[in-house]
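Scroll down for the structure; my scribbles are underneath it.
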Amino acid sequence: MKIAVIGTGYVGLVTGAGFSDFGNDVMCVDIDESRITKLRNGEVPFYEPGLPELVRRNAAIGRLRFTSNTAEAVANSELVFIAVGTPSGEDGSADLSYVLEAAKQIGQSLSGFTVVITKSTVPVGTADRVREVLAAVASKPFAVASNPEFLKEGDAVNDFLKPARVIVGTDDPRAAERLRELYRGVLRTSDRIQVMDLRSAELTKYAANAMLATRISFMNELARLCDAVGGDIDAIRKGIGADPRIGPKFLFAGAGFGGSCFGKDIRALLHTADQYDVQLGVVGAVEAANERQKRLLGDLLLRHFGSLRGKRIALWGLAFKPETDDIRESPALALIEQLHDAGAEVVGYDPVAMPNVAATGGPATLVANAYEAALGADALVLVTEWHELRAPDFSRLKTVMRQPVLVDGRNVWSPTEARAKGFTYFGIGRP
Ligand code: NAD
């Protein structure tokens, strides 16, 4: 099939490369010319494991192409996916300006019947707005659909190629049929595609993210209780995760969730609920708990040292999670600000996210390797559990640090081993 994907960020590029890998003819479009130049040269503008290989393989055989010319890409396509950003507006609502602008550009360029599909995460009712924008400028017939994306950064290629489910929302049977046909290549079993009405599809994405974030905030709050009463959150996690009604995934306490989606989508969901005068008390509490959690590691250091003035604090891991260079809403950024405001000198290391952190102009000094960050540090904090940071050489750390204080913000180090080596060890909700 001939496909255009508008937006070549984490979602758009994975989608475009993924569909081309199944034999489709895909044009990826971005308004950012420098991105398109890089992509034409075989460079992926962000870190996502497996994506450069997928992009290069399909680009080399001409099935995957890149352009900043929306009109040309749309005119040559029967399916057009909108995968542009939907950042938080000032009031927490999703900023739809990129989506609606893309819809206008698409509408002006249709050359025949086209299905226009929103893959960006958008509030309930957006498909109707996209339809209105298209109708105002289009001279050819079209249908709209919603196909929210559930990929995880860091494992996005795998998620796209082997999705747990595909959600399609549409009220147009032609759109449903085209999308079923497109996904037939990707899905091994047809029961993985769920076709529903537009509004339910739009809401399913928010419901999924809100549920995942709820599990994290729930465990983070219980971890705080463990710290207070002397329980072990890891034991509790295993205890409840063994119950098939609960399941073991997404139950890890930590330094709070970050990333480009959970916080933004929760705020947008709350905004929608507010507009319709519906109270989402649970979802509101999830966000509040996460804001508290992002301050936990800094508060812990403040309590331990009394004052952080003149203290050198090393941070390991700055991306919002391992295997990505995405730092949007990363807990590390909040921690850097908190420590800096308290008078500490902050030194950071991350295997891939440092250029993005440097671009924020924040107060952390960034260094080229993990042990250099720990040099002369009064405390070392693990914020993001990259593989290379999960099993440190404690003896080496002991010799390079000024004070032997470890804060394990992801509960991945062994408290027994760290203490045996003479460290003061703090985890999250574990003794
Ligand atoms: P991103 O910010 O990485 O990329 C968006 C891209 O769209 C940018 O390259 C931008 O230049 C481009 N763009 C903006 N307006 C354009 C236009 N009119 N024409 C062409 N290109 C345009 O965004 P992302 O992280 O890929 O997220 C995209 C959407 O997918 C968001 O709604 C997000 O919530 C959703 N989503 C993201 C993830 C994720 O893990 N990142 C997962 C699922 C869903």
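The values are calculated or read from the model by the stated rules, or taken from the named source; none is laboratory data. Just so it is clear, the structure is predicted and the values come from calculations on it, not from any experiment. A quick note on method: Cβ atoms are made from the backbone with ideal geometry, for glycine too, and the neighbour counts reach across all protein chains shown.
Here are the numbers for the structure shown:
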quantity: Extreme residue, surrounded by the fewest Cβ atoms within 10 Å (Cβ to Cβ), among residues of region 243-276 that are within 15 Å of the ligand (Cβ to nearest atom) and more than 18 Å from residue 152 (Cα to Cα); calculated: 271
quantity: Near pairs, Cβ below 7 angstrom, 6+ apart or cross-chain, from region 74-86 (under 15 Å from residue 143 (Cα atoms) and among the hydroxyl-bearing types (Ser, Thr, Tyr)) to any residue that is at pLDDT 95 or above and not in a loop (DSSP other than H, G, I, E, B); calculated: 77/2; 77/3; 77/4; 77/27; 77/114
quantity: Candidate set: region 64-107, residues that are among the polar types (S, T, N, Q) and more than 9 Å from the ligand (Cβ to nearest atom); chosen: the one nearest to the chain's Cα centre (by Cα); calculated: 88
quantity: Options 34, 20: the member that is more than 8 Å from the ligand (Cβ to nearest atom), closer than 19 Å to residue 163 by Cα and not β-branched (Val, Ile, Thr); calculated: 20
quantity: Among the residues listed as 348, 343, 317, the single one being surrounded by fewer than 23 Cβ atoms within 10 Å (Cβ to Cβ) and of a type outside the set (Ser, Thr, Tyr); calculated: 343
quantity: Residue tally, condition on the phi > 0 side of the Ramachandran plot and touching a residue at least 60 places away in the same chain (Cβ under 8 Å), over region 256-313; calculated: 2
quantity: Wholly enclosed helices (runs of 4 or more DSSP H) of region 156-275 bearing at least 3 residues within 30 Å of residue 298 (Cα to Cα); calculated: 198-229, 233-241, 262-275
quantity: Conditions (1) over 16 Å from residue 98 (Cβ atoms); (2) among the basic types (Lys, Arg); (3) within 10 Å of the ligand (Cβ to nearest atom); number of the one not met by residue 40; calculated: (3)
quantity: Any pair with Cβ under 7 angstrom, 6 or more apart, that starts in region 1-22 at a residue that is among the charged types (D, E, K, R) and ends at one that is crowded, with 24+ Cβ neighbours inside 10 Å; calculated: 2/77
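Matching residues to (1) in contact with a Gly (Cβ under 6 Å, 6 or more places away or on another chain); (2) closer than 24 Å to residue 33 by Cβ:
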residue: 104; (1), (2): no, yes
residue: 114; (1), (2): no, no
residue: 130; (1), (2): no, no
residue: 160; (1), (2): yes, no
residue: 163; (1), (2): no, no
residue: 174; (1), (2): no, no
